[in-house]
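Some notes on the structure that comes next.
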Amino acid sequence: MSAPSILAKNLRAIGQGLCLVVRGCAHSWSTVVKSPYRKLVLGITFGVLPASVAIATYTAYPSDDEQIARSLQTEIVAPLPIPAIADQITVVTTPSAVTTHTTMIRVNDTLGAIFSRLNIEDAALLRFIRGQTLAQPLSTPREGVYVQAKVTANQKAQTLKIFLEARSANQQNSVVTVTRRGDRFVIHSEPFVYETQQAMRAGIVKGNLIDSAKAVGVPDEIAKRMPIALERAINNGLDITDGDDFRIIFERQFMEGDFVRNGKILAVSLTHQGKNYESFWAEDGTRNGGFYNLDGTSSRTTFIRVPVEGARVTSSFMPMRRHPVTGVLRPHQGTDFGAPRGNKIFAAADGVISRRSFDKRGFGNYLMIKHDDSRTTLYGHMSRIAQGMKVGTRVKRGQVIGYVGATGLATGPHLHYELRVNNRQVNPLKTNIPDKEFLTSEEKQQLLADARPLVTRLAMLNRIQSVKPLTGSEAVAQQNSAEPPK
Ligand SMILES: [Zn+2]
């Protein structure tokens, strides 16, 4: 896959806030040096390594690194208590048994499509659900809701669960359960909490971080979020390259022993040329929390460096230049990001719209955002300003504020972007924009407490990676012995 297509694919997938990260990575992704052997061994070792076995073994062998790692490599032949695999065994050995299927409701989903993903063909259940108020998030599919069904071999659901997760702190999770009783159904709703397990994976970058993580069993949506945890390091020049070691700990959430969904990333660690980068999830007063270093600094930068979709830098930051339209030499302290007309422009950081204007002889349709007492940004030449953007409107980092155009004095569609600190324009692409994102001291104490066991586990994964891998035949033997009996 070429760098541009990787870029395009991942831009869509990762989301607006990350465009810069992907741009940063795309360069290194294009140079693919292969190390298939090492990857294979690690894939086998960690792709199947359940956290519980690893942690139990680690605590049992306290000191010698190599010994710990070797003992782990022999311990993993134990049968694996991962539900997905258990389901597969069930399918293979007892064809009449009940299987569990889980799916998430998508945009514009239909009840029929959801049933088919759950492997259900059950007209009576369909009718029942359509008539039940409690089942409305399923009958009128609500995006993002997880649904789980236990389905018999003849595709009838024994039970069906709709997981309605709390949307704010003062709400409670509730689960709606439909149960088959002979030839009729009963439905009820009750509060629930997920049973949460931690999963660990480790591997070596080959091609790009996201695909390398997926290759060792990191679920797709978790892998895509990994760069967020390393965003500041990437913005500050960390160039993730082939051969870098990565480790990740993330949550898997269960209900009554059945896997429902992946949860948060708890920790990401990456070793690049001997230097270790670590990032931990912490509660920070925002809805979803964030990633922080152990010193309490955010792993994200306050400002998105390139706040426009699909951008290239057409005119780098410079104090004076001849204007392309008027030919007049004048200060040009912003940065021009060439991008197709209509592409989204994002608020570079949280703030309040401080100006909305049209300037025929200059920036055309433009907006200014005040981020704090010292910093403002300006976005010029927009074809259109997004709905609701008025002076005083509060915007979030990454929110769409307008669309690329060529209004005002512009030769072609581009975003003219300025970052002003204390009314002085600074280069938004330079590496050390003053950032202000820190945890409060209470939040930091909590982070340190939560991170302590994670640090230990990451270090353990790190040591295992550094131990000379098994020979090929040993690895194959282990893999075979870990397979379920046929
Ligand atoms: Zn410009």
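The values are calculated or read from the model by the stated rules, or taken from the named source; none is laboratory data. As the structure is a computational prediction, the values presented were derived from the model and not from experiment. When we count neighbours, we look across all protein chains shown, and the Cβ atoms used for this are built from the backbone with ideal geometry, even at glycine. What goes into the accessible areas is simple: the full protein's heavy atoms, side chains included, and nothing from ligands, DNA or RNA. Shrake-Rupley method; radii C 1.70, N 1.55, O 1.52, S 1.80 Å.
Number of residues in segment 279-297 that are buried (at least 18 other Cβ atoms within 10 Å of the Cβ) and in contact with a helix residue (DSSP H, G or I) (Cβ under 7 Å, 6 or more places away or on another chain): the value is 7.
For segment 235-250, taking the residues that are assigned to a loop (DSSP other than H, G, I, E, B) and of a type outside the set (S, T, N, Q), the one that is surrounded by the most Cβ atoms within 10 Å (Cβ to Cβ) is identified as I240. Looking at the structure I just gave you, is G207 touching a helix residue (DSSP H, G or I) at 6+ places or on another chain (Cβ under 8 Å), open to solvent by less than 60 Å² (accessible area, probe 1.4 Å) and at positive phi? Considered against the rule, which asks whether it is touching a helix residue (DSSP H, G or I) at 6+ places or on another chain (Cβ under 8 Å), open to solvent by less than 60 Å² (accessible area, probe 1.4 Å) and at positive phi, G207 comes out as yes.
What number of residues within segment 427-486 are farther than 30 Å from P307 by Cα and either assigned to a loop (DSSP other than H, G, I, E, B) or modelled with pLDDT under 50 (or both)? I'd like the intermediate steps shown before the answer.
Looking only at segment 427-486, we keep the residues that are farther than 30 Å from P307 by Cα, and these are 441-442, 445-446, 448-486.
Now narrow it down to the ones that are either assigned to a loop (DSSP other than H, G, I, E, B) or modelled with pLDDT under 50 (or both): 467-486.
Residues in segment 427-486 being farther than 30 Å from P307 by Cα and either assigned to a loop (DSSP other than H, G, I, E, B) or modelled with pLDDT under 50 (or both): 20 in total.
Evaluation of Q425 against the conditions (1) touching a Pro at 6+ places or on another chain (Cβ under 6 Å); (2) within 14 Å of the ligand (Cβ to nearest atom) shows that the sole unmet condition is (1). Summed over segment 112-124, residues that are in a helix (DSSP H, G or I) and buried (at least 19 other Cβ atoms within 10 Å of the Cβ) total 2.
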